[in-house]
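J.: Below you'll find the structure I mean.
The values are calculated or read from the model by the stated rules, or taken from the named source; none is laboratory data. Everything quoted here is computed from the prediction, not taken from an experiment. Cβ placement follows ideal geometry from the backbone for every residue including glycine, while neighbour counts extend to all protein chains displayed. In case anyone asks, the SASA skips ligands and DNA or RNA and just uses the protein heavy atoms, side chains included. Shrake-Rupley method; radii C 1.70, N 1.55, O 1.52, S 1.80 Å.
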Amino acid sequence: MERGGAEKAAEMEWPAYLNEYEKLVIRMNNPRVVIDNAVCPTATLVKVDSARKHGILLEAVQVLTDLNLSVKKAYISSDGRWFMDVFHVTDQFGRKLADDSVISYLEQSLDTEDHGLHRSCAEEGLTTLELTGADRPGLLSEVFAVLADLGCGVVEAKVWTHNGRIACLVSVKDELSGSPIDADARRIHHIESRLRHVLKCDHGVCGARTAVSSMAVAQTDRRLHQMMFADRDYERTPPSPPASTRPSVSIQNWVERGYSVVTVQCRDRPKLLFDIVCTLTDMEYVVFHGTIDTDGDLAHQEFYVRHKDGSPVSSEAERQRVIQCLQAAIERRSSEGIRLELCIEDKPGLLSEVTRTFRENSLLVTRAEVSTKVDMATNVFYVTDAAGRPADPRAIDAVRLRIGPDCLTVKEEQRPQFRPKAAAPDDQGGGGAVGIGLFYLGNLFRRNLYNLGLIKSCS
């Protein structure tokens, strides 16, 4: 099954006043999307051709991420003006896409320049709170307790922690009326003051920050990355993880072509490609070419990039900064801990009560996702003990007994240990990458033959 460009071209009716040149310009500035289930036996191919603009790759990857699709392989190429991607995707169960409604939605979402990056919270009766600061045991419990005390009902929330820092996006409404709270300036000021006190703000780069907005970024994960990047979590020394478990990131300059070659090896997981591309984009690097491959639980991603001004990575300090930022971006969503899933009827103060129970049993929340729909709360928490070690099963049992064993369930995720291959002696330097470049050109040649239909291969 192949759907996309030809079918749409046949359906398109051009106004009589357009000449052929104007029609060509319109075609060039609108993405061409083809979704093909016939070529590869194990994945659905999603091919996107579009005029290049900064962030276009991130927009395409975001659409795939929002649908919880896993990218098993991908080939990215651009001549500076034209952008062409091929993604090999599966659903969250590792299967090819079979639902026509999902395929149609994917096609429509990719085939537009407006990916709906923003939505008005006011239309949904929500106000968004952004919080960053130093993490500590019990902090999340205190935040939700303050919100409950001030009559704020939490509708959605996402919490990330990394390197001793915490970032939260919390969407709230008035608990009684259900209306937005941002219209009341005095109330907003009071909420911010209370939250800053909880976060122990010292107004420094390592201090706490609070912000309130009636506009929310639809891609909350990108905003969390931006918040933690602004908080410089990447500069802080992590609590001594084994070197073998850290993502392997190297950067070399291909001087002859003016590219910096960014190579990432780490454990594969959902949304990995999004986290890497998001970070490169927000650091104002443009991806011109790239290959993404997975081998079991391991991922290998390679990107040929330049800064937005056209220059490659130009100093050792810049190289180290990009490496640190990419490692941090990968680790933020890789929080260790036991996954607890809570599905329960919502009530005022529910999150305060649940997180207080975690604190009383010496459990630290390393990551959380909260959603409330039709009076039902569906929440996910990752927890460790207060020192960041695996949680005591007796503490988990005590929490489940207190909250309700039928409502709070345990889902342990198996996380195989990643051991990157030893780097070549010049991998840590900024020298040339001629060998890598030649290898890539071979991949690029095969990919172009594939896209032209001259070969049919999934690898």
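J.: Mind checking which residues of region 96-110 are loosely packed, with under 11 Cβ neighbours inside 10 Å and either assigned to a helix (DSSP H, G or I) or not acidic (Asp, Glu) (or both)?
T.: ASP100, SER101
J.: Then there is this: How many of the residues making up region 296-345 are outside any loop (DSSP other than H, G, I, E, B), in contact (Cβ under 8 Å) with a residue 40 or more places away in the chain and under 16 Å from the mean Cα position of the chain (by Cα)?
T.: Residues in region 296-345 being outside any loop (DSSP other than H, G, I, E, B), in contact (Cβ under 8 Å) with a residue 40 or more places away in the chain and under 16 Å from the mean Cα position of the chain (by Cα): 8 in total.
J.: A further question on this structure: When you look at GLY55, is it at pLDDT below 90 and under 29 Å from HIS225 (Cα atoms), yes or no? Talk me through it step by step, then tell me what you get.
T.: Numbers: at pLDDT below 90: yes; under 29 Å from HIS225 (Cα atoms): yes.
The answer is yes for GLY55.
J.: Right, another one. I'd like the full set of residues that are at pLDDT 95 or above and touching a helix residue (DSSP H, G or I) at 6+ places or on another chain (Cβ under 6 Å), limited to region 242-253.
T.: Within region 242-253, VAL249, ILE251 meet the criteria.
J.: Within region 258-277, take every residue that is open to solvent by 30 Å² or more (accessible area, probe 1.4 Å) and in contact with a Pro (Cβ under 9 Å, 6 or more places away or on another chain) and give me the one that is farthest from GLU336 (Cα to Cα).
T.: Step by step, filter region 258-277, then rank; the result is GLN265.
J.: Got a sec? Which of VAL46, VAL25, VAL71 is modelled with pLDDT under 60 and either within 25 Å of ASP221 (Cα to Cα) or among the β-branched types (Val, Ile, Thr) (or both)?
T.: Numbers: VAL46 fails: modelled with pLDDT under 60; VAL71 fails: modelled with pLDDT under 60.
Only one candidate passes the filter, namely VAL25.
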